[in-house]
1. If I histogram all Cα-Cα distances within the chain using bins 10 Å wide from 0, what percent of pairs lands in each bin?
2. Per residue of segment 117-129, in order, report the coupling 6.51 cos²θ - 1.76 cosθ + 1.60 (Karplus, θ = phi - 60°) as ³J(HN,Hα) in whole Hz, putting x for Gly and Pro.
3. Over all alpha-carbon pairs in segment 209-252, figure out the percentage whose distance exceeds 12 Å.
4. Report the Cα centroid-to-centroid distance between segment 192-261 and segment 67-144 in angstrom, as an integer.
5. If amide hydrogens are placed 1.01 Å from N in the peptide plane, which non-local residues have theirs closer than 5 Å to the one on residue 108?
6. Count neighbours as other Cβ atoms within 10 Å of each site's Cβ, and list the trypsin sites (Lys or Arg not before Pro) in segment 215-261 that are DSSP loop with at most 13 such neighbours.
7. Determine, for 163, 187, 53, the number of other Cβ atoms within 10 Å of each Cβ, and report the residues in order from fewest to most.
8. Pull up all non-local amide H partners of residue 57: gap of 5 or more, or a different chain, and H-to-H distance under 5 Å with H placed in the peptide plane.
Amino acid sequence: MSAIPHEGAVRYRVEGGIAHLTFDRPAARNAMTFAMYDALAEGLARIEADPSVRVAVLRGAGGKAFVAGTDIEQFVGFTGADGVAYEARIEGYIAGLERARVPTVAVIEGFAVGGGLAIANACDIRIAEAGARFGVPIARTLGNCLSPANLRRLTATLGRSLVGRMMLLAEMPTAETLAPLGYLAAVTEPGGLEAELAKVCERLLGHAPVTMRVTREMLRRLERDPEAEATDLIAECYGSRDFAEGVAAFVAKRPAAWTGG
């Protein structure tokens, strides 16, 4: 597959224990090129290797979109086999995001469409600006399909009926529509995202990293198998230094000093 102009970037910076990954291609509403998907994977690898990172924030540059899907130019000349390979490749990126070591927060302005919705949906927490829209309108636009894995993820968070409507009718529900379903942790008025994001990150930074990590992994396993085994995760949590610290802090009536170990 040939390179396309202005392949964009995923900017990475760490500040105060928070890794910020910004999809930076605003002229194309941050539509993802394969170079950007690779950069997302590289950012997640950097988080994995940096114990100082406690939270990851994903957002789009420009204020008009989170991510407006995968860049359509990359689909020119696709065959059925190319489609299978593409969905397998995207699955690797989304599964990698699901397995991130730290809690992930998606900050959505404008549109989270197609691959952008898949990325936001794989995050643990989503906050959005009022009027933001979510969807996969491919029945009206491209005529392709989602993988079973991404349909499973969407139905787990949004429900079978809503996902069916979104896919078949090419609906693009707003943040205000999705908020009562519990899909979004908060919907803010214009100008309110930064304060809400700071509040969410502050809470996450103050909570036990091991508890959050094993809980996120348990939820991931249970989504695939309601009878999933998790004794390894239970043992990891109860055997952690953080659990011993939490008990000691509770007994001493003082704040716990979490280390993530």
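1. Per 10 Å bin, starting at zero, the Cα-Cα P(r) for the chain comes out as 7, 29, 35, 21, 7, 1, 0 percent.
2. Values, residue by residue: 5, 4, 5, 4, 5, 7, 6, 6, 9, 10, 10, 9, 7 Hz.
3. Numbers: 585 of 946 pairs.
Of all Cα-Cα pairs in segment 209-252, 62 percent lie more than 12 Å apart.
4. Cα centroid to Cα centroid, the span is 27 Å.
5. 127, 128, 129
6. On the way: sites: 216, 220, 221, 224, 241, 253; in loops: 253.
Taking segment 215-261 and a limit of 13 other Cβ atoms within 10 Å, the loop trypsin sites (Lys or Arg not before Pro) found are 253.
7. Final ranking by Cβ density, sparse to dense: 53, 163, 187.
8. Under 5 Å from the amide H of residue 57 lie the amide H atoms of 19, 20, 21, 105, each far enough along the sequence or on another chain.
Just so you know, all these numbers are worked out from the coordinates, no wet-lab data involved. Just so it is clear, the structure is predicted and the values come from calculations on it, not from any experiment. Methodologically, a virtual Cβ is constructed for each residue, glycine included, from the backbone with ideal geometry; neighbour enumeration extends over all protein chains shown.
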